[in-house]
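Read-outs throughout are calculated quantities, based only on the coordinates presented, and are distinct from any laboratory measurement. None of these values were measured; they are calculated from a predicted model. As a convention, Cβ positions derive from the backbone with ideal geometry for all residues, glycine included, and neighbour counts pool all protein chains shown.
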Amino acid sequence: MELLGRVAIIAAVVIVIAAVAFLLSSHVISGALTSQQAVQYVLSDMRASNPSANITVINVSASALKAGSWNIVLSAVYNASKPCPTLFIEDFDYPATGLVPSVDNLYTSHCVIYGISTAPSYVISSPYIAIARSYNQSFAPITAYVRAAGYNNTFVHARFFSTLNYSATPLNENFTSVWLINYTAKSANHSEYVVMSSSGAIIANYTA
């Protein structure tokens, strides 16, 4: 009987400790998260479900839904350095709405840019959209370059310039509000460049 009593006491202590731990963890999850902790929870879940994507935190702010929650905006990019990257933006309110995004916008996939045809004043705000836009226009120098080198062997990078000085390119011309997009393949003896307006029109090109 004495042994049974001791076992009962030990079991009671274990139950109390487990209950306290549960209450503490529930308190942290429900309302005491810092913005950094909330971001880490969301990033961990996103990386687990999208292991091959490049995930970037765009913005973090206090939630308008619930005190102690955080509005977290992330971008996820697949094939970031290829001619047709995929970009989507997800907006989480954590922990108020859990790990389900409240906003999920697909911007480009398979070289299709969603919304550009219905928006005459569309402004390209992402290098990944700029890359896809430069490739999906079937601009002859670019398509020929990628075809010769191979899609998977071609690496593409885009950079926005509010002012692209005439001395920065062989074109000897000043440009404003443009994307400079570089196509490079190791097997080629040169790179292809296009200068594209912020609305997506190719306005110049050169090799280097």
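Given the Cα-Cα distance of THR143 and PHE161 and 0.36 nm per residue of separation, how much length would full extension add, in nm?
4.1 nm
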Enter the Cα centre distance for the pair the stretch 128-161 and the stretch 182-207, rounded to the nearest angstrom. 7
Normalised by the residues of the stretch 54-208, what does the relative contact order come to in percent, with Cα pairs under 8 Å and at least six apart? 15
Which of ILE72, PHE92, ALA130 sits closest to the plus end of the dipole of the stretch 58-168, meaning its Cα is farthest towards the positive end, when Lys and Arg get +1 and Asp and Glu get -1 on the C-beta? ALA130
Using the alpha carbon gyration tensor of the stretch 72-208, what are the three equivalent-ellipsoid semi-axes (square root of 5 times each eigenvalue), largest first, in whole Å? 29, 18, 13
Rg [Å, one decimal], Dmax [Å, integer] - the stretch 109-189, C-alpha atoms: 13.9, 39
